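Novice: For reference, the structure I am asking about is given below.
Each reported figure results from applying straightforward, stated rules to the coordinates on display, with no laboratory input. Owing to the predicted nature of the structure, the values given are computational and were not obtained by experimental measurement. Cβ placement follows ideal geometry from the backbone for every residue including glycine, while neighbour counts extend to all protein chains displayed.
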Amino acid sequence: MQDTFMSKGGMGMDPLSHALIGLSLHGLSQGPSLSNPATIGVIIGAIVPDLDIIARLKGDYVYLKHHRVETHSIPGIIGLSLITTYLLSFLYTSFAFKEVFIWTMIGALSHMFFDLLNSYGVAILYPFNRRMYSLNLIMIYDPVIFCWEATFYSTVEVPFKKISL
């Protein structure tokens, strides 16, 4: 486990891997299709913690200080999931807030979990503790995980539908 906001260098798991994990998780939801807000919630949830990229606008130091801290913590995941679910509620006429929130949380938690597995780690207990926790089990970009996710997703039959606004 790491005590500082940056130690071993490198960034994180790539966004494409997070998106593929979200796409795989959506298969667990009831009625996986793009017209299902739970499907969209789990996919967006799997990517939304990386909104901390916005900190890069203020420079590399600010970015590295905040990367995988606020948006990758348990309170951050809950907050981002609530905001994402709230915003999705405007796009769908039929909407079960609690169900979509749970699926969005599953996506966001998968993001946090997979970032925890690599060398950079995450500050899961922020704001109570800024310590970066890392299990250092996978590379920043792991081709095995990427291929597994791509294979899983390509073999799942998904009835994609248009989103009715």
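Novice: In nm, give the distance between the simple-model label positions of L125 and S94, each being 7 Å from the Cα along the Cα-to-Cβ direction.
Specialist: Spacing of the two 7 Å Cα→Cβ label points: 4.5 nm.
Novice: Using mean Cβ contacts within 10 Å as the protection proxy, how do 84-93, 98-107 order, highest first?
Specialist: Order by mean packing, descending: 98-107, 84-93.
Novice: Right, something else. Length gain on complete extension for the stretch L57 to N136, per 0.36 nm per residue less the alpha carbon to alpha carbon distance?
Specialist: 25.6 nm
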